[in-house]
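> I have a structure I would like to understand better, so I am pasting it below and will then ask my questions one at a time.
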Amino acid sequence: MSGRTGRGAKAKEPAPDPAAEAFAEGVRLLRGNHALTSVGRICRSADCAECPADGWAVADSNGTVHANPRRRAEPAEWAWVLAHCLLHLGLGHLPAAEGRRTPPDAHDLAARCAVVIRFQSTFLTGRPPFDLPAVLPAGDEEELTARWRRDGLPKLPAVGGSGPDQLLLPWTGPAPPEDWTLAFAAALTRTMSAAMDVAGGRRDRITGERAPERPWTRALNWFISSYPLLGGLAAGITLVADAELARAHGIAIAAVDARAGEIYLNPLRRYSDEEWRFVLAHEMLHAALRHQDRRGARDPYLFNVAADYVINGWLLEMGVGEMPEALLHDPGLSGLSAEEVYDRIVRDQRRVRRLATLAGKGHTDILGEPLGPPRDYVDLDDFYRRGLQQGFELHSRGRGLLPAGLVEEIRALDHPPVPWDARLARWFDEFVPAPTAHRSYARPSRRQASTPDIPRAGRSFPPEEVARCTFGVVLDTSGSMDRRLLGKALGAIASYAAAREVPAARVVFCDAAPYDAGFLPPQEIAGRVRVRGRGGTVLQPGIDLLERAEDFPSAAPVLVITDGECDVLRLRRDHAYLVPRDAALPFTPRGPVFHVR
């Protein structure tokens, strides 16, 4: 009888815990992002000493994320919170080290959280459990920390609740301490490489197996893995290697359609991997530098030939691949833009039309319409400009030098600069008042000679109005100054002063000592000014001379023209600087700086 079990003694199954199930599902969503699988561990123990009292989770430098078991959240919210904590480890905010360390203050913690939140906006995993700011602050951790210590700490949502979500603890694992940043970088590299293989058709989306590589595919992979300047573009370009399509459209080697993001290849061409690299780089630069849009009303074929000369010269200079035979190259056109080359070759159209582009003789390899069915692609500006600019930034960190012309075109694509003389004109409009003419019948108008019987008011400038409309020029005349800079700067100043009817400007030359040239009319500033000194570079005495001069208006602005090799300047009035293109001032200027080109 003792072995029998009563009717009420049946063991009850534990009731389901919705909070635990939501957390487990959140962890599953998190593990779907393979870049975070090798960073850290997750703990949700009820008796954990590091568990936050009122927050969602906290990460420690030993690589553990402590989740609050008393918190209730959706699976997607748990995935976002856990990713936030693991990214603190992956971005180096919690380096593992032996011994006790000084914990970061509130400004450091907030800056690191802001950087992680900004990173998560492009690294989608789940959704935040709170409302995020509409505009995330720009800058890295050090910049944000310094800014908030100066201006005050903004209100930011906190994963850790009222406490920090980052804990620096002594390392408890085996020596040496683990490098979470290195583990995250390796996992991120593997994830992005696999994603780009799938997107580029180099790996099957279902099975994950690699497709057999062709030489042009190997060339494209080389750009993605080893050539950052064009790697971002290569990852988003689709190669269409179709012999029938190439024959039907007369493509001898290759052609590109920037709008579709496709490069069309003739697979019957037998080229080495190095030669295919050259061909693909050629077509990607056509697309990235927007040659289709820059052509304008020019002859399409002649402009294509001009752009080929420029691009091939750059690629040879950079050593990208090996140029196949019969491609266009002329060392005499080095340093010219496509527009400048076009202006030269258009004079001899009979000879130029016998030349061949990569598409063949008489065909352009810059296509205006896709050859296949339409497909989805990102905004052109968003893709080409951002991809080429980011690649340029990576390339400039030690991957070799680039031709000056290519660098200028990449920078122009990123943000077309306002010309320095146009900015100077705006400065004149803002700070240099134009004299206001007074009309009075006390002085007759000279235009009444044809109709002397009709009285008209004369136009004049009162002396007090004329004296108010002026500005000062402090000129660095040291031995290091470039005379071409002086000529351009003085010519621009004189032209704008004359356009605004400024009667005269106060000019002071400075080298070892200031030379006061007094008030000079605009035409004398441009033509008859003789540079006097050729000694050292001390500009502050010249500025002090202007500020103390009784006949110089207190509200008049000052223009300082220097090559940057000067003393630290202190100006108490509106001012601006004109310096050479590559020069930098030895202090932080408070007024605008115009880089004369």
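No value in this document is a laboratory result; all are computed from the given coordinates. Because the structure is a prediction, the values reported are computed rather than measured. Methodologically, a virtual Cβ is constructed for each residue, glycine included, from the backbone with ideal geometry; neighbour enumeration extends over all protein chains shown.
> For His363, enumerate residues with amide H under 5 Å from its amide H, sequence gap 5+ or separate chain, H modeled in the peptide plane.
Placed amide hydrogens put Thr357 under 5 Å from His363.
> Whole Å is fine, so just give me how far the alpha carbon centre of region 120-153 lies from that of region 10-68.
That distance is 24 Å.
> Continuing with this model, one more query. Based on the mean of other Cβ atoms within 10 Å per residue, sort peptides 28-40, 178-190, 302-314 so the most packed one is first.
The peptides rank, most packed first, as 302-314, 28-40, 178-190.
> Then there's this: Please give the peptides 95-107, 559-571 ranked by average Cβ packing (other Cβ atoms within 10 Å per residue), highest first, as a rough proxy for protection.
With the highest mean Cβ count within 10 Å placed first, the list reads 559-571, 95-107.
> If you count, for each residue, the other Cβ atoms within 10 Å and average over each peptide, how do 502-509, 220-227 line up from highest to lowest?
Packing proxy ranking, top to bottom: 502-509, 220-227.
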